[in-house]
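Notes follow once the structure below has been shown.
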Amino acid sequence: MEQARKDKMVGSSLDAKILLYVADEKLRQQLAAMNPNPAEFKQNNGVDALRYLLICSQVELLENPDKLADLQYKSESELMAIAVVNAEGEKCDRCWNYSVHVGESSEHPTICERCVSALAGEF
């Protein structure tokens, strides 16, 4: 990620989405448990630990490393592969994370789904 920042592909780490492949199936499943989709946010108080651990807006766990083949900012070994791309969606005015759900709330059109839930006191 630092090389992508140095080259100005991303500004801050929250501008990034991490693509992650882990060869070990058991470890990949453990990481998946730390990376819930937005529908699961309320089940875990809106905390998706993997993106916070990696300090980025999004993490996509991959079943195989093929999607990383043509990407510029990546690192690969036989055990894992990781790449940095631009995060998807719009930047939330409240938390600064990118989300494809910014703008869905008519009451709070500039914030993400997690922040809408937080302001509503749902977690």
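Can you tell me which of 68, 19, 53 moves the most in a GNM of the chain? Springs connect C-alpha atoms under 10 Å apart.
Most flexible of the set in this elastic network: 53.
Could you sort 54, 20 by their accessible area in this structure, using a 1.4 Å probe and putting the largest first?
Working: 54 55, 20 10 Å².
From most exposed to least exposed: 54, 20.
Cα centroid distance between region 85-123 and region 12-37, in Å?
21
Top mean-square fluctuation among 37, 97, 86, Gaussian network model of the chain, C-alpha springs under 10 Å?
Among 37, 97, 86, the largest mean-square fluctuation in the Gaussian network model of the chain belongs to 37.
(i) 55; (ii) 52; (iii) 69: which one is percent of Cα pairs over 18 Å apart as calculated from this entry?
Label of the calculated value: (i).
The values are calculated or read from the model by the stated rules, or taken from the named source; none is laboratory data. Owing to the predicted nature of the structure, the values given are computational and were not obtained by experimental measurement. What goes into the accessible areas is simple: the full protein's heavy atoms, side chains included, and nothing from ligands, DNA or RNA. Shrake-Rupley method; radii C 1.70, N 1.55, O 1.52, S 1.80 Å.
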